[in-house]
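Any read-out appearing in this document is the output of simple, stated calculations on the displayed coordinates, not a laboratory observation. Note that the structure is a prediction, hence the values are computed from the model and not measured. Counting neighbours? That spans all protein chains shown, and the Cβs are built from the backbone with ideal geometry, glycine included.
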Amino acid sequence: MKQSETRPDPMRVLRQIASETRRRTLFRVYLGYARGVGATTAMLDEGRRRSGRGTDLVVASYRVHGDADGALRDLDVLGVGRQRPDHKQLDVEAVMARNPDVVCIDDLAAGITVLATVHLLSIRSTAGAYAAMLGGTASGGVIDDGVLESIDELELIDITPEDLLERMRERPVLRPAELAVAMQHELRLTVLEALRESAFRVIAEHADRQLVGFMRESGVREPWDVRGRIVVALPVQRGLENRIRRAATYAATQDAKFSVVSVRTKSTTDEQKEWMGAYAALTHQLGGEFVHLHGRSVARTLVDYVHDSLATEVILGHRRRNRWIPGDTTSMVIRRLSGVDVHVLRVDR
């Protein structure tokens, strides 16, 4: 790619390759939570292993620190002569023309059978979450979180923050001026610890998505007791912050994931949109997922979501009434759910 060209969309390239080569694209990604953890080294080592057993493999893009010839030894680098620079950008057309079995791409783009790397701060949601801490988003492109769903194998290249800082000081990963700046921003110990924790969460969520996908493909509709999944039903009204906080606390005690779900059956006012935006921000801050749903029936829409997400528990709010009404939302949800624990919180007017 030329500097002036637009970064290729990973999903578009994957679809293009899959359609033109008529073979399934396997996507293996090495996740690094900071520069210097060794994601590129791990990818190139795996490339050498595959090439050594006869796989047609090329390196399409890379960025190495130090001896480029040593880092890329025994590997076929696409479009590079005998003198190998310390970095090379992706040329999608060249990859398509070469049509290898496996392609190595440093700093995620796309491929055929892809070995790739991705920096944690190159994921859009993570970049946004850490922007304030780092004084702005990291330089370079970002990928949408949805790209993670297309990855077949996601491996975390892990190293403790203390060992990483020692490596950065001892090896020429960054120039001295760059290292001095980075030590004040993304290489602060507290930042590295938080990034590492976020990387663990990305890996756990990826494994969880794969398990849920396998269960759906296998026709499993009942919850599989691996890790609890709690759904909190939230009506469109103000003053529900404490309910979200209580749900997050309860989920933490159960070591469970939690989602706050709001079902809209009609258009909302600007004031209601403001409430829901605040609830969504609070939910994400507490480590949960906020989901907006649309449907003609709150009960049916909520029950469908609970089944599809394989939730194990549901938390509902129920206004106190003088008599029981069999057709209200709470009653319909309880009647339609099976194999799921339902908690009903009394809500006074």
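Amide H to amide H, with H built 1.01 Å from N, G228 comes under 5 Å of K257, counting only residues 5 or more places away or on other chains.
Calculate the length of the line joining the C-alpha centroid of the stretch 155-191 to that of the stretch 26-42, in whole Å. The two parts, judged by their Cα centres, are 15 Å apart. The HN-Hα couplings worked out from phi for the stretch 195-206 by the Karplus form 6.51 cos²θ - 1.76 cosθ + 1.60 (θ = phi - 60°) are 5, 4, 4, 5, 5, 4, 5, 4, 5, 5, 5, 5 Hz, whole numbers, x standing for Gly and Pro. Among the trypsin sites (Lys or Arg not before Pro) found in the stretch 229-291, those both in a DSSP coil and sparsely packed, with 16 or fewer other Cβ atoms within 10 Å of their Cβ, are R238, K266. Once both labels are positioned 7 Å from their Cα atoms along Cα-to-Cβ, the gap between Q83 and D69 label points is 1.2 nm.
Net charge dipole, the stretch 153-192: roughly 320 debye, given to the nearest 20, about the Cα centre with Cβ charges of +1 for Lys and Arg and -1 for Asp and Glu. Over the stretch 142-253, the alpha carbon radius of gyration divided by the compact-protein estimate 2.2 N^0.38 Å works out to 1.51. Between amide H atoms placed 1.01 Å from N, distances below 5 Å from R264 occur with L293, H294, G295, all of them 5 or more places distant or on a separate chain. Using R0 = 45 Å, the C-beta based FRET efficiency linking Q184 and R98 works out to 0.60.
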